[in-house]
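Everything below concerns the one structure shown next.
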Amino acid sequence: SEQSARTLKQLSYQLKTLSARINQQASPNDVNPQQIASAVSKMKTQLQQGGVNGKLRSIDPAAQSVTRELTNKVDLLSPKALDEQVSIVMGRSGKAVSFSLPAYADKSANLETLQQAFSSQEIAVTVSARDTLLFTASKDASSALKEPWMMMGKGVRIAAGNPVSISLSEEPHALDALQQSAQSNNTASDV
């Protein structure tokens, strides 16, 4: 934890230095977005090497868990007008869950249904700040989160009952927004 604290202190210093460098530029056009993106990329690498995860928390190898995010293109929370039956096969792990989403059930009721269904596979389900589903499992039970899932069932979420392949992605890093902002500014200045 001491190493993580030192790493976070270094990150804080580097972010302050980067902010001062950006603020010293005469105009926004003088800021080099590629340098900012490169600096952020180096910071992310230093964090990982320093035992700090993408949420800027210390990595405890003994209690390490794996969290993956479901794309917001797959909406399992919003109310729908019909009862639905959904089954998900989780990659080659052999794990599967089935659940029913009642018509007009609100987001919290649907989240509770998902939490109950996935708890049997030792997977916790939460909602991120960006309103996407997060699936968390211990390192031992994480194989189900690392491979594409096959979703099938009856209802409007699964068109014509055809199986749909869905992939989970890693949670965005805390510094991704800064890096994306620098890259989008670079694209805008090239136009």
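The values are calculated or read from the model by the stated rules, or taken from the named source; none is laboratory data. Given the structure is predicted, the values throughout are model-derived calculations rather than measurements. Neighbour counts are summed over all protein chains in view; Cβ atoms, including those assigned to glycine, are modelled from backbone coordinates with ideal geometry. Accessible surface areas use protein heavy atoms only, side chains included; no ligands, DNA or RNA. Shrake-Rupley method; radii C 1.70, N 1.55, O 1.52, S 1.80 Å.
Do we have Val97 as in contact with a Lys or Arg (Cβ under 9 Å, 6 or more places away or on another chain) and either in a strand (DSSP E or B) or among the β-branched types (Val, Ile, Thr) (or both) here?
no
Would you confirm, using the coordinates I've provided, whether Leu82 is within 17 Å of Gly153 (Cβ to Cβ) and open to solvent by less than 20 Å² (accessible area, probe 1.4 Å)?
Judged against the criteria, Leu82 is not a match.
Every residue, every condition in (1) open to solvent by less than 60 Å² (accessible area, probe 1.4 Å); (2) of a type in the set (D, E, K, R); (3) modelled with pLDDT of 80 or more, yes or no:
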| site | (1), (2), (3) |
| --- | --- |
| Thr136 | yes, no, yes |
| Leu145 | yes, no, yes |
| Gly153 | yes, no, yes |
| Ala160 | no, no, no |
| Ser181 | yes, no, no |
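Could you list all residues from region 17-53 that are surrounded by 12 or more Cβ atoms within 10 Å (Cβ to Cβ), closer than 21 Å to Thr67 by Cβ and at pLDDT below 75?
If the condition is that a residue be surrounded by 12 or more Cβ atoms within 10 Å (Cβ to Cβ), closer than 21 Å to Thr67 by Cβ and at pLDDT below 75, then Leu47, Gln48, Gly50, Gly51, Val52, Asn53 are the ones that fit.
Residues being hydrophobic (A, V, I, L, M, F, W, C) and out of contact with any helix residue (DSSP H, G or I) (no Cβ under 7 Å at 6 or more places or on another chain): count how many of those fall in region 83-116.
The number of residues fulfilling the criteria is 9.
Answer with yes or no whether Leu77 is at pLDDT 80 or above, part of a loop (DSSP other than H, G, I, E, B), surrounded by 12 or more Cβ atoms within 10 Å (Cβ to Cβ) and touching a helix residue (DSSP H, G or I) at 6+ places or on another chain (Cβ under 8 Å).
Yes; evaluated as a whole, the condition is true for this residue.
Within region 167-176, identify whether any single residue is surrounded by 13 or more Cβ atoms within 10 Å (Cβ to Cβ), at pLDDT 80 or above and not hydrophobic (A, V, I, L, M, F, W, C), and answer yes or no.
Taking every residue of region 167-176 in turn, at least one turns out to be surrounded by 13 or more Cβ atoms within 10 Å (Cβ to Cβ), at pLDDT 80 or above and not hydrophobic (A, V, I, L, M, F, W, C).
Any residue that is of a type in the set (Phe, Trp, Tyr), within 19 Å of Val89 (Cβ to Cβ), touching a strand residue (DSSP E or B) at 6+ places or on another chain (Cβ under 6 Å) and in contact (Cβ under 8 Å) with a residue 24 or more places away in the chain - is there at least one of those in region 114-127?
No, every residue in region 114-127 fails to be of a type in the set (Phe, Trp, Tyr), within 19 Å of Val89 (Cβ to Cβ), touching a strand residue (DSSP E or B) at 6+ places or on another chain (Cβ under 6 Å) and in contact (Cβ under 8 Å) with a residue 24 or more places away in the chain.
Among the listed residues Ser93, Ser128, Ser98, Ser65, identify the single one that is farther than 19 Å from Val164 by Cα and open to solvent by 40 Å² or more (accessible area, probe 1.4 Å).
Ser65
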